[in-house]
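This report concerns only the one structure given below.
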Amino acid sequence: MSSTADTWLFPAVQAPVGTARLTAAPAADYATHQSTFGPLPAHADSAALLAALRDSGLEGRGGAGFPAWRKLAAVPARERARRRRVVVIGNAAEGEPLSQKDATLLLRSPHLVIDGLLTVAGALGAHSVYLYAQASVIESATRALAERADASAIELREAADTFISGEASAVVNALAGRAPIPQDRTVRLTESGLGGRPTLLHNVETLAHIALIARFGAAWFRSVGTTGDPGTRLVTVGSDGHPSRVLEVAGGSRIGDVLRFTGVDTGSLSAVLVGGYHGAWLPAYALEARLDRADLAGFGANPGAGILMGLGERRCPVAVAAAVASYLAGETAGQCGPCVNGLPAMAAVLGRLATGDRDPGLPGEVRRLAAIVTGRGSCNHPDGTARFVLSTLTVFADDVTAHLNGHCRKDHR
Amino acid sequence: MNLRTPEARGPAAALLHIDWTRCDGRGLCTEILPELLARDDWGYPLAYGYGSAGAGSNVPVPDTLLAAAADAVSLCPRQALTLVDP
Ligand code: SF4
Ligand code: SF4
């Protein structure tokens, strides 16, 4: 247990031990939350919070993995110094169909998310505070907010039900009453976002970790996990025939261990999709890689939002990838030409390959289209889609060859 | 499609930012700046050396093409182009 002044003030509550941190409270209500974690300490100023987050090494849990302290530091100092300027947003849109961890967190531990919002808002003297969450958790989030007197300023808004609904500028558009689609930006949201105000948007899991770092300190945070990925993470783990489960694991856990823990027979997998539909495949031989940046970099993946989806060795990966690419092509926000035209074109070529067209030029055409769409949209949807498709061609090169030879014997359901 | 690699051109004097939410892909800018922009399969401006480190939406403009880039900005019928600092 750390010996910061905060914990010294509340010696009755021990910091959580082991990997059950965000999931340490046995029930979701406020009384249980308080008896598990102790009261939220008086708000630190923004310099102190920034220092604690930097020492903790906490990275954002929404997908991009941006260091949490850097986002705070990106709010211009003159805005941090003035009060009632900044907008703080907790993002639980979670449009990725393979991810369930943000919804699970809001159902299990809503008060940690609220504490995190209040900590960041308090440090910045925020002008307004929002929680943006999908329909399925609105009821429980409403109940949690009503349980406490200090949360009355937090505005809960229902998120759009689309893949890209959680993209930062799409969230800002939605909160401003516009269509929930990304906007072109030449200025960062932390300088000018909602209503022209500096806007700080954090994933809700990031906020829950911030709530614990505010209580128990950076050293405690780092006492679990690896140097490259300190702390714990929520992961959504599934595979063919296994419904997905959300777990809290130590940062840098071995991916095979996490899968086996949920009952997945890793010997029956051909690969694991890491990071969801914008992620990349980790081939079976690499399953003992750690869930951290260093181990995953070679595969073009990163821990991202903590999604692990096993693919059974009987399933045809080309058919699976074609279905995902086609879904993603349908989820463009319909505003950027290269994305609107290029994603359906790329998905169609992959679909031809999956359904028995043996034209040897197809893989090359997929690669060409992937290169054309990359970097040419107002959000990273084309880039993420291209990354997933290219990873499929690389990791499943043998299956692609089998398709071109007409020899694929795998299950195409 | 013409897949030239960008010639060595010295440091960028500015970046030509393309707002894809506005651009309609009729390609006027590609006629004004053929040294920098080709057209993709659907007519949208495609920077040579696309796909690399964000250059797809923020095209480096050398000093010698700054005037032409400024023309493209003012002539773009959709006001989809801006010059920003590199
Ligand atoms: S890149 Fe695609 S998904 Fe992103 S804003 Fe443009 S059209 Fe929408
Ligand atoms: S001139 Fe403007 S609208 Fe036309 S293709 Fe170029 S950027 Fe797009």
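The values are calculated or read from the model by the stated rules, or taken from the named source; none is laboratory data. Every value quoted in this text rests on a predicted model; they were computed, and no experiment measured them. Cβ atoms come from the backbone with ideal geometry, glycine included; neighbour counts cover every protein chain shown. We work out accessible area using only protein heavy atoms, side chains counted, and drop any ligands, DNA or RNA first. Shrake-Rupley method; radii C 1.70, N 1.55, O 1.52, S 1.80 Å.
Before we move on, is A:Ala347 within 14 Å of ligand 1 (Cβ to nearest atom), touching a Ser or Thr at 6+ places or on another chain (Cβ under 8 Å), more than 11 Å from chain B (Cβ to nearest Cβ) and not hydroxyl-bearing (Ser, Thr, Tyr)? Against the criterion (within 14 Å of ligand 1 (Cβ to nearest atom), touching a Ser or Thr at 6+ places or on another chain (Cβ under 8 Å), more than 11 Å from chain B (Cβ to nearest Cβ) and not hydroxyl-bearing (Ser, Thr, Tyr)), A:Ala347 qualifies. The test for being touching a residue at least 12 places away in the same chain (Cβ under 8 Å), touching a Gly at 6+ places or on another chain (Cβ under 6 Å) and either closer than 25 Å to A:Val235 by Cβ or open to solvent by 40 Å² or more (accessible area, probe 1.4 Å) (or both) holds for A:His43.
Taking the conditions (1) more than 23 Å from the chain's Cα centre (by Cα); (2) crowded, with 21+ Cβ neighbours inside 10 Å; (3) closer than 22 Å to B:Arg39 by Cα in turn, A:Phe396 satisfies each one other than (3). Within region A:379-398, residues that are closer than 27 Å to A:Gly334 by Cβ and more than 13 Å from every other protein chain (Cβ to nearest Cβ) sit with their Cβ atoms under 8 Å from residues that are away from ligand 1 (no atom under 16 Å from the Cβ) and open to solvent by 30 Å² or more (accessible area, probe 1.4 Å), at 6+ positions apart or across chains, in these pairs: A:Ser391/A:Phe299; A:Ser391/A:Gly300; A:Leu393/A:Arg367. Note on region A:357-378: among residues that are open to solvent by 50 Å² or more (accessible area, probe 1.4 Å) and either within 14 Å of another protein chain (Cβ to nearest Cβ) or modelled with pLDDT under 95 (or both), the one that is nearest to B:Asp19 (Cα to Cα) is A:Arg368.
Across region A:386-413, the number of residues qualifying as farther than 16 Å from A:Val272 by Cα, out of contact with any helix residue (DSSP H, G or I) (no Cβ under 7 Å at 6 or more places or on another chain) and aliphatic (A, V, I, L, M) comes to 2. Go through the residues of region A:55-66 one by one and say whether even a single one is more than 25 Å from A:Val235 (Cα to Cα) and open to solvent by 40 Å² or more (accessible area, probe 1.4 Å). No, region A:55-66 contains no residue that is more than 25 Å from A:Val235 (Cα to Cα) and open to solvent by 40 Å² or more (accessible area, probe 1.4 Å).
Scanning region A:87-114 for residues that are touching a helix residue (DSSP H, G or I) at 6+ places or on another chain (Cβ under 8 Å) and among the small types (Gly, Ala, Ser) yields A:Gly90, A:Ala92, A:Ala93, A:Ser99, A:Ala103, A:Ser109.
With respect to the conditions (1) more than 16 Å from ligand 1 (Cβ to nearest atom); (2) under 30 Å from A:Leu234 (Cα atoms), A:Gly330 lacks only one, and its number is (1).
In the set A:Pro303, A:Pro317, only one residue is surrounded by 21 or more Cβ atoms within 10 Å (Cβ to Cβ), away from ligand 2 (no atom under 16 Å from the Cβ) and within 29 Å of A:His202 (Cα to Cα); that residue is A:Pro303.
What about A:Val366, is it over 23 Å from A:Gly166 (Cβ atoms), touching an Asp or Glu at 6+ places or on another chain (Cβ under 6 Å) and not assigned by TED's automatic domain parsing to the domain that holds A:Ile181?
Details: over 23 Å from A:Gly166 (Cβ atoms): yes; touching an Asp or Glu at 6+ places or on another chain (Cβ under 6 Å): no; not assigned by TED's automatic domain parsing to the domain that holds A:Ile181: yes.
Taking the combined requirement at face value, the residue does not satisfy it.
Here is a check on your reading of the model: is A:Thr332 open to solvent by 50 Å² or more (accessible area, probe 1.4 Å) and within 28 Å of A:Glu167 (Cα to Cα)? Judged against the criteria, A:Thr332 is not a match. Scanning region A:78-106 for residues that are assigned to a strand (DSSP E or B), under 30 Å from A:Tyr327 (Cα atoms) and open to solvent by less than 10 Å² (accessible area, probe 1.4 Å) yields A:Ile89, A:Gly90, A:Ala92.
Scoring A:Gly375 on the criteria (1) at positive phi; (2) in contact (Cβ under 8 Å) with a residue 40 or more places away in the chain leaves a single failure, condition (2).
Restricting B:Gly27, B:Gly43 to residues that are surrounded by 12 or more Cβ atoms within 10 Å (Cβ to Cβ), modelled with pLDDT under 95 and near ligand 2 (Cβ under 8 Å from one of its atoms) narrows the list to B:Gly27.
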